[in-house]
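Enquirer: Quick one: the structure is below, questions incoming.
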């Protein structure tokens with residue numbers, strides 16, 4: 001009995017030290033296998049199609065390039081900055097003969113990619129069953145995704161989080177989409 005009481009405090013201290021050492025190792029990235037500096041794996045959140053057509057009162061034209069014959073506008077009411085770092089928006093593309101196509105899209109600033117979620121056809125939204133992420137092309141005449149990404153939606157490779165900054169950036173008097181406009185007044189007829 002006497003020997004047990006002498007060794008008990010030593011055993012308790014040893015067990016406490018061993019327990020603390022094991023707890024300390026659990027948070028070590030080399031021990032746990034989790035590297036806090038490793039790149040994050042992209043996980044897209046759920047995307048719901050808009051409920052309404054573009055709001056004519058909040059359609060904002062924007063400049064794309066000298067080479068395009070199309071006109072472009074975004075419905076500022078539709079712009080959503082997701083927690084998954086995707087900026088979703090409704091864009092209106094108008095051809096020279098006046099025909100328009102309305103699309104619901106998303107832009108990822110971190111990878112400079114875009115996705116077509118759906119189109120507005122015959123008074124209703126239709127989901128794109130083949131939606132996937134595509135590189136944004138910066139060197140084509142119809143480079144509207146690049147213009148939106150570079151001119152309003154992104155701060156280099158991160159998402160602009162302030163809707164007021166985005167709307168202010170889309171103002172046709174100051175919006176350049178990273179290219180100085182020379183022949184566009186940002187007006188849709």
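The values are calculated or read from the model by the stated rules, or taken from the named source; none is laboratory data. Keep in mind the model is a prediction, meaning the values are calculated, not measured. All Cβ positions, even for glycine, are placed from backbone atoms using ideal geometry, and neighbour counts span all protein chains on display.
Enquirer: Every residue in the range 109-126 that is in contact with a strand residue (DSSP E or B) (Cβ under 9 Å, 6 or more places away or on another chain) and closer than 18 Å to residue 75 by Cα, please.
Expert: Once the filter is applied, which keeps residues that are in contact with a strand residue (DSSP E or B) (Cβ under 9 Å, 6 or more places away or on another chain) and closer than 18 Å to residue 75 by Cα, the range 109-126 yields 114, 115, 116, 117, 118, 119, 120, 121, 125, 126.
Enquirer: If you don't mind, another one. For the range 66-112, how many residues meet the condition of being touching a residue at least 60 places away in the same chain (Cβ under 8 Å), out of contact with any helix residue (DSSP H, G or I) (no Cβ under 8 Å at 6 or more places or on another chain) and in a strand (DSSP E or B)?
Expert: Count: 6.
Enquirer: Can I ask one more? Conditions: (1) within 30 Å of residue 39 (Cα to Cα); (2) modelled with pLDDT of 95 or more; (3) over 16 Å from the mean Cα position of the chain (by Cα). Residue 101 meets all but one. Number of the miss?
Expert: Evaluating residue 101 over (1) within 30 Å of residue 39 (Cα to Cα); (2) modelled with pLDDT of 95 or more; (3) over 16 Å from the mean Cα position of the chain (by Cα) leaves (1) as the failure.
Enquirer: Do we find a residue being modelled with pLDDT of 80 or more, buried (at least 18 other Cβ atoms within 10 Å of the Cβ) and over 16 Å from the mean Cα position of the chain (by Cα) anywhere in the range 136-147?
Expert: Scanning the range 136-147, I find at least one residue that is modelled with pLDDT of 80 or more, buried (at least 18 other Cβ atoms within 10 Å of the Cβ) and over 16 Å from the mean Cα position of the chain (by Cα), so the answer is yes.
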